[in-house]
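Notes for the one structure printed next.
The values are calculated or read from the model by the stated rules, or taken from the named source; none is laboratory data. All figures in this text were calculated on a predicted structure; none of them were measured in a lab. Neighbour counts run over all protein chains shown; Cβ positions are idealised from the backbone, glycine included. Heavy atoms of the whole protein, side chains included, go into the accessibility calculation; ligands, DNA and RNA do not. Shrake-Rupley method; radii C 1.70, N 1.55, O 1.52, S 1.80 Å.
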Amino acid sequence: MTDGARPATAPGPAPREAATHCPYCALQCGMTLREEDGRVAVLPRQFPTNRGGLCQKGWTAAELLDHPERLTTPLLRDPASGELRPASWDAALSRVVEGIRAVQSGPGRDAVAVFGGGGLTNEKAYALGKFARVALRTRHIDYNGRFCMSSAAAAGMRAFGVDRGLPFPLSDLGRADTLLLVGANPAETMPPLVRWLTEQRQRGGKLIVVDPRVTATARQADLHLQPLPGTDLAVASALLHIALTEGLVDKDYVAARTTGFEDVRRAVAGWWPARAEALSGVPVADLEATARALGTAERAVILTARGAEQHAKGVDTVTGYVNLALALGLPGRPGSGYGCLTGQGNGQGGREHGQKADQLPGYRRIDDPAARAHVAGVWGVPAEDLPGPGVPAYRLLDSLGTPDGPKALLVFGSNPVVSAPRAARIEGRLRDLDLLVVADFLLSETAALADVVLPTAQWAEEDGTMTNLEGRVLRRRALREPPPGVRTDLAILADLTARLLRRDPAQSPGVKRGPFLSPDPAVVFEELRRASAGGTADYAGITWERIDAHDGAYWPCPDPDGPDTPRLFAEHFPTPDGRARFHAVEHRPAAEEVCAAYPLHFTTGRVLAQYQSGTQTRRVPALRRAAPEAFVELHPDLADRLGVADGEPVRVVSRRGEMVAPARLSPAIRPDTVFAPFHWGGAARANSVTNDAVDPVSGMPEFKICAVRVEKVGRS
């Protein structure tokens with residue numbers, strides 16, 4: 001070249017993009033991923049739920065794809081050294097199959113258990129249930145959604161005949177004249193949802209928050225009710241009592257669309273406001289203002305979340321608020337209703353398709369003969385070969401390694417060492433197993449105990465579907481292939497199934513010839529559609545193409561050419577007579593009350609920059625800087641009595657265990673209550689303290705209240 005120009009360089013490969021959804025909470029915010037020069041960036045995407053907004057967790061989600069602690073090879077525990085060492089996939093899967101065979105050869109099929117997660121795609125949740133019940137033929141399968149949505153789910157089923165977190169579109173929140181949030185802090189747990197609260201208030205609506213702490217959400221409220229933990233049901237009963245005495249009940253709606261109201265009327269007759277104030281600490285004037293704001297609004301919404309639900313009476317507490325909503329005639333009216341803010345990314349879909357102990361795909365009951373026959377027909381097995389119901393999550397975990405409990409456990413998408421109540425006890429149960437297998441992409445506290453660790457793909461490396469808190473089925477799209485040596489959960493389950501059935505043809509008599517579990521999520525979803533057809537959560541009419549064309553599809557959707565169902569209950573409820581059911585419920589004390597030795601109430605929750613057990617978010621530098629460590633929130637008056645300074649390490653002690661973390665002094669907490677986030681393990685593990693008492697209906701543990709004392713570290 002003679003003109004001095006530099007030689008032209010060949011253009012690099014064009015950037016790759018994928019329109020997908022955030023890997024974290026049930027809001028399932030839309031996002032776009034772009035990969036260029038080996039780096040993945042998160043870009044905004046206009047999607048109905050979040051309209052381009054994301055929280056800090058969503059913006060930083062791609063940082064985990066190439067994290068230096070990413071697992072990229074199977075690990076086997078060396079019997080000699082006790083250490084986890086790299087191994088081939090063949091060696092790892094052979095060890096799993098041999099271990100399963102060994103433990104099932106004596107006690108039987110139920111000696112193996114499976115534990116799933118509310119973050120798994122619909123396809124993976126479906127495949128996990130099928131794997132457990134046909135390849136393993138064990139009844140022991142449950143998932144960590146028991147610790148999240150189970151109480152609201154049970155209350156919804158018995159009142160409405162269906163469990164869908166929000167039986168109306170998320171946009172209804174912005175239309176409500178009065179919005180009551182009970183035990184919910186979306187400003188920290190799902191920040192993009194707050195734009196709907198902002199829209200609601202800009203329209204002149206009233207926001208009322210019920211929470212023992214002055215949270216970021218409570219600070220935005222027009223009215224904040226700050227009850228003693230464990231008294232939400234008393235508050236609900238008092239609100240309905242006031243609605244009755246002031247003539248706010250929609251008598252026509254109650255008569256035309258419900259049953260059982262007279263029993264509820266009698267049950268709340270004794271809950272005059274002064275009685276509720278004495279128990280809960282919520283002033284009578286605030287109770288009356290809340291009831292009037294709900295009862296006189298043209299459009300009103302009542303939402304519950306974990307603060308009300310994670311109790312040994314969680315089902316009854318949610319039922320109390322459902323009763324209030326029904327009495328006011330809210331469900332089925334546009335801009336009105338009762339709903340639950342689902343927590344985990346696929347907390348809704350994860351409990352619909354078979355990884356729950358009592359369910360088959362489509363939200364069918366596993367003890368229903370017709371349901372068993374339908375699903376067995378899709379699976380190509382005799383209905384009598386399907387096992388019966390298993391046991392709820394905590395009961396399952398607490399039985400591991402015991403004489404009558406499972407001797408092997410396979411874990412997908414969960415970290416019970418941090419997330420389970422009475423966590424030190426559960427950690428001990430896991431150590432007692434003959435075989436612990438964990439599939440994960442990072443070495444969680446649970447994976448660190450495993451005999452076999454299987455490296456799995458992340459959300460940007462696999463296709464599939466998720467179902468968000470509205471019941472909207474969404475598409476998760478892969479941006480790129482998993483790293484070499486990493487497999488998807490579906491591929492792992494397909495390989496294990498093939499090995500199990502090949503090694504023992506009698507493992508599942510009558511199985512159709514050919515691949516029994518496909519590693520292809522599109523194939524699995526098509527089978528899920530058939531298995532769910534006719535069920536409560538009917539996905540038969542939902543295709544990936546339909547989702548792509550319409551920003552998702554709401555179940556139930558039985559017909560590919562028919563409508564989906566963004567709004568439930570407009571004309572009838574899915575009960576035998578089409579009516580919703582009131583249920584009389586009574587407040588009862590927490591499973592453990594304070595005493596001289598343990599004089600304080602302990603409650604747990606989340607912080608903005610961390611998520612669930614923290615396995616992912618604690619490894620993101622920006623999130624770690626924003627929330628570097630656990631803490632114990634104390635009211636300044638309590639700290640003064642204890643002689644504790646801000647930032648000083650304190651020990652929280654219950655009858656089950658203890659945690660140690662720095663004190664954080666704040667007037668946002670009641671003086672009789674202490675709070676700690678549950679995202680950390682080790683000495684700061686909040687769930688070492690929490691109570692393992694469970695709701696008798698849902699199996700939900702009592703995470704939100706137990707009796708404790710607080711000590712300076714070093715005090716005996």
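Side notes on the structure shown:
- Backbone amide hydrogens, once placed in the peptide plane, bring VAL182 within less than 5 Å of VAL210, LEU303, THR304, ALA305, excluding anything fewer than 5 places away on its chain.
- Most to least packed among 94-104, 129-139, 147-157, 327-337 [average Cβ atoms within 10 Å]: 147-157, 129-139, 327-337, 94-104
- Whether the chain is rounded, prolate or oblate, judged on the alpha carbon gyration tensor where a/c under 1.5 counts as rounded: rounded
- In Hz, Karplus ³J(HN,Hα) per residue of the stretch 455-470 (6.51, -1.76, 1.60; θ = phi - 60°; x = Gly, Pro): x, 10, 6, 9, 4, 7, 10, 8, 8, x, 10, 10, 10, 7, 5, 8
- Fraction of accessible area attributable to carbon and sulfur, the stretch 117-232 (%, probe 1.4 Å): 44
- Residues whose placed amide H lies under 5 Å from that of VAL214, excluding near-sequence neighbours: ILE669
- Unsatisfied cross-links (Cα-Cα over 24 Å) in the set LYS124/LYS356; LYS313/LYS356; LYS130/LYS407: none
- Accessible carbon and sulfur surface of the stretch 562-679 relative to its total accessible area, %, 1.4 Å: 52
- Separation between Cα centres of the stretch 351-390 and the stretch 131-145, rounded to whole Å: 11
- Packing order of peptides 472-480, 162-170, highest average first: 162-170, 472-480 (average count of other Cβ atoms within 10 Å over each peptide's residues).
- Aspartates and glutamates with Cα under 13 Å of LYS251, excluding same-chain neighbours fewer than 8 positions away: GLU262
- Computed extension length for SER94-ASP434: 120.9 nm, one decimal, from 0.36 nm per residue of separation with the Cα-Cα distance subtracted.
- Ranked by the mean number of other Cβ atoms within 10 Å of their residues, highest first, the peptides 194-206, 697-709 fall in the order 697-709, 194-206.
- With protein chains left intact and a 1.4 Å probe, residues in the chain average 35 Å² of accessible area per residue.
- Pairwise label distance in nanometres, ARG275 with ARG624, each label 7 Å out on the Cα-Cβ vector: 5.4
- Under 5 Å from the amide H of VAL632 lie the amide H atoms of ALA663, ARG664, each residue being 5 or more positions distant or on a separate chain, with H modelled from the backbone and absent for Pro and chain starts.
- Relative contact order [Cα under 8 Å, 6+ residues apart], the stretch 317-449, whole percent: 14
- DSSP bridge pairs, the chain: antiparallel proportion in percent, nearest 5: 45
- The value of relative contact order for the chain, using C-alpha pairs under 8 Å at least six residues apart, is 18 percent.
- Separation of the ASP559 and ARG588 label points, Cα + 7 Å toward Cβ, nm: 4.6
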